[in-house]
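> Here you go, one structure.
The values are calculated or read from the model by the stated rules, or taken from the named source; none is laboratory data. Computed from a prediction, not measured in an experiment: that's the story for all the values here. Please note: Cβ atoms are built from the backbone with ideal geometry, for glycine as well, and neighbour counts cover all protein chains shown. Just so you know, the surface numbers come from the protein's heavy atoms only, side chains and all, with ligands and any DNA or RNA stripped out. Shrake-Rupley method; radii C 1.70, N 1.55, O 1.52, S 1.80 Å.
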Amino acid sequence: MKNRKIGYGLCAMALCGTLTWGGAMETWAAYNMTKGPGAHLQDYIVTIEAGIHPVYTSIGSEDTLKEASEGEVYEVLSDKGDGWVEVQVGDGTGYILTEEDGVTVKELEEDGKETDGARESMEAQQQEDISANRRQNLVNYALQFVGGRYVAGGSDPHTGADCSGFSSYVMLHGANVPIARSSGAQSQQGVDVSADQMRPGDLVFYGNGKRINHVAVYIGNGQVVHASTEKTGIKTSPWNYRTPVRIKNMLGD
């Protein structure tokens, strides 16, 4: 079980005022004394002010949805007791232990620029989480075909595909994004991104001279998955095993 640092030292503060965006902060333990485990909360946020903190899939589990880092803001959905809160993570939910150093809970006032800024940050974080989840789902979908056959002209990795047949199939069925069939035509779609902007789910194109002749799906950690050759089939490789000539974001995020 994860270490729970319960901070009851500031309980007296709970008797002197309420949590406000601009006011003094109580510990979440003190907050629990008035709200109680299971209470549904509105207009409260968790802010990561320092460090990196796990967002868990459930209380008592070691499985994480993500690592929340400094500056991220999450909407609180409910108080689960013992310092745990349920928060909105993209289009799903997760759980954060609020009694760790660098994690704060605040109530948003109805009006004020600080509140507007916090809401904007929270909404931006939710959209970022939705995007990351969508991209990871695409990667997971593509990786299931590793070990499959390379077939020239093939468009279905279940039975065999070439590079652009593979990329067009996984984009359509893994992310509901239809793209062109050939690698050259695919390279003209989407939005150009640089190597340092590349995210899982982007397409990486390779060429010989001025002609695009190969495409792969970036899966993160410096790797791509692609229908390589008849000898090697569908496999993973370092993203720069050949010199990339173009990288494209096809997902519109």
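> Which parts of the range 149-189 would a label at Glu230 reach, counting a residue when its backbone N lies under 16 Å from a point 7 Å out along Cα-to-Cβ?
Within reach of a label on Glu230, which here means backbone N under 16 Å from a point 7 Å along Cα→Cβ, the range 149-189 contributes 149-155, 160-163.
> Where only protein heavy atoms count, and the probe is 1.4 Å, what is the accessible area per residue for the range 105-237 in Å²?
50 Å²
> I'd like the distance separating the alpha-carbon centroids of the range 171-196 and the range 208-244, in whole Å.
The two parts, judged by their Cα centres, are 14 Å apart.
> In whole Hz, with x marking every Gly and Pro, tabulate ³J(HN,Hα) for the range 47-59 from phi via Karplus 6.51 cos²θ - 1.76 cosθ + 1.60, θ = phi - 60°.
Values, residue by residue: 10, 8, 8, 6, x, 10, 10, x, 10, 8, 6, 7, 6 Hz.
> Let me ask something else about it. Given axes a ≥ b ≥ c from the Cα gyration tensor, I'd like to know whether the range 136-253 is rounded (a/c under 1.5), prolate (a/b larger than b/c) or oblate.
rounded
> Only Cα pairs under 8 Å and at least 6 apart count here; give the relative contact order of the range 128-253 as a rounded whole percent.
With pairs under 8 Å counted, the relative contact order is 28 percent.
> May I ask you to give the percent of accessible area on the range 50-171 that is carbon plus sulfur, with a probe radius of 1.4 Å?
43 percent
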